[in-house]
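Readers should treat all values here as calculations from the given coordinates under stated rules, not as data from a laboratory. In this text, all values refer to a predicted model and were calculated from it rather than measured experimentally. Every residue, glycine among them, receives a Cβ derived from its backbone with ideal geometry; neighbour counts consider all protein chains shown.
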């Protein structure tokens, strides 16, 4: 008698955590997303890449309930869902961690995490804090539930935002530029936590511009190009060149060619400057350094360490004690810029171009078009060659062409451009001023990889023309490749000045966070206090 044949049951195909089918979103005549398909599974980290204006954030905003698609379907765990609000997204166990935190400074971590929740039964802050500790221990977070937000570092605030969505039961997490303001050490801690979350079955989507992080963290990469899906690849089977080509549609050279400084001359000598805010808190303490012509001086530091105040002081926007001496190449005289207004500084022949962090708040006027924003740098008291508009229009069109600004025309109001394209207009206008000292604060923040390398090449061109370039950046890999020297600021003090050709990312990361005395190139020890 023959034995019965055992038929093995076929394995059920894995159900995606999220599946997007033929998603389209328009804003007037602009098509932000065009027939996009996307899939992410539980236990997977998916990176979303794309140029500025490629539709990455719009797509994620539809998953998180901020926008509603004009066409297409969204499936969560195999079921079609309608997500019309962030509340709907939370009910689908979707949580988004935005780049700009939404926290109440005077509340504790736990108070922020439970804010707005309607929990059944009698609420207990003590039980909530215990639940926060359990979540932290499960995934490897380091967080004091009772610590006030205003006492926290940037990475701790980000931790609060992530735990906030986990506390609400999120199984699908979307992170927008999660490492933008983290040190290398903090980034590695975050990656370890994200891997733990993935291994526990969470589905994680990350929007980032840092290709080396994409390759080290994600399992798959989906690339968007001009609102369309350019393809999805396994991370282990791709490289930076292929991903960039998918994003841009052509081969792009991802090399920063750092030249040696030629005949560097001391152009800007900052000596012992300090400043306080209105409440009397010291923002800068005894800052001294020299910026030289034909050189790029990089500035590294955790966000809020005094970088902004330092550049504002040099630009005449911040009152300080100490000296800011400028060696005028036309007169060969030394001028003290301290306490002079920005207009007075310009009348001395000093062209301090300043790309601020808040591009629309300080750099550009949103309701004015690109041509008028170009005119802002030259128009004063009705006396300017730019009153005719022909010259600024030509300059605006050159900026649009050279930096590939996505805009209907030069007459388009700046507020209608995407954030990355606003940044291109601002940087292009500042560099076009042909300054002798160019200060650029986060000039590539929010820019895609192709636009970022365009800006790096422009900064290098300025250096080769003899400009003293001061570059405040967030990406330490770029600072090390682009700069000649790097000055590290920690809590308003100089932690050290190092040779960018020999320094390491880990060394700079430690200087950014630790209070140590470091031997500097300026001839002495700098107390990071």
**Request:** List 319, 465, 42, 209 from most exposed to least, where exposure is judged by having the fewest other Cβ atoms within 10 Å.
**Result:** 319, 465, 42, 209
**Message:** P(r) for the range 183-236, please, calculated from all Cα pair distances in 5 Å bins and given in %.
**Reply:** 4, 16, 25, 27, 15, 9, 4
**Relative counts (whole %) of C-alpha pair distances in the range 18-248, using bins that are 5 Å wide** = 1, 7, 14, 18, 19, 16, 12, 7, 4, 1, 0, 0
**Message:** Taking the number of other C-beta atoms within 10 Å as the exposure measure, put 326, 442 in order starting with the fewest.
**Reply:** 442, 326
**Coarse-grained scattering of the range 145-282 at q = 0.12, 0.18 Å⁻¹, given as base-10 log I(q)/I(0) from a Debye sum over alpha-carbon atoms** = -0.74, -1.09
**Fill in**
Ranked from fewest to most other Cβ atoms within 10 Å of their own Cβ, 90, 471 fall in the order 90, 471
**Fill in**
Helix-only [θ] at 222 nm, the chain, -39500 (n - 2.57) per DSSP H run of 4+, per residue, nearest 500, equals -9000 deg cm²/dmol
**Complete:** quick shape note, the range 64-159: Cα extents on principal axes in Å, largest first -> 45, 32, 24
**Message:** How many angstrom lie between the Cα centre of the range 11-48 and the Cα centre of the range 120-197?
**Reply:** 26
**Degrees separating the helix 419-432 axis from the principal Cα axis of the chain, which is the longest one** = 20
**Complete:** Per the Kirkwood formula over distinct C-alpha pairs, the hydrodynamic radius of the range 431-482 in angstrom is 11.3
**Request:** Kindly express, to the nearest 10 degrees and within the range 0 to 90, the angle between helix 184-199's C-alpha long axis and the longest C-alpha principal axis of the chain.
**Result:** 10
**Request:** Just the number, please: percent antiparallel of the DSSP beta bridges in the chain, rounded to the nearest 5.
**Result:** 55
**Peptide ranges 234-240, 155-161 listed from the most packed, as the mean C-beta count within 10 angstrom indicates** = 155-161, 234-240
**Principal axes of the range 134-211: Cα extent on each, largest first, Å** = 31, 27, 17
**Request:** Can you give me the three principal axis dimensions of the range 402-451 from its C-alpha atoms, in Å, biggest first?
**Result:** 33, 23, 18
**Request:** Give, to the nearest whole percent, the P(r) tail of the chain beyond 38 angstrom, counting all Cα pairs.
**Result:** 34
**Request:** Return one number: the angle in degrees, 0 to 90 and rounded to the nearest 10, between the long axis of the Cα atoms of helix 449-464 and the longest principal axis of the Cα atoms of the chain.
**Result:** 20
**Request:** Just need log10 I(q)/I(0) for the range 401-491 at q = 0.14, 0.17, 0.19 Å⁻¹, Debye formula, equal scatterers on the alpha-carbon atoms, no solvent, rounded to two decimals.
**Result:** -0.52, -0.75, -0.91
**Message:** Step by step: find N for the range 268-316, compute 2.2 N^0.38 Å, then divide the Cα radius of gyration by it. What's the final number?
**Reply:** 1.20
**Prompt:** Mind checking Rg over Rh on the range 1-140, alpha carbons, Kirkwood formula for Rh?
**Reply:** 1.12
**Asked** Computed on alpha carbon atoms, what radius of gyration and Dmax characterise the range 217-267, expressed in Å?
**Response** 17.3, 50
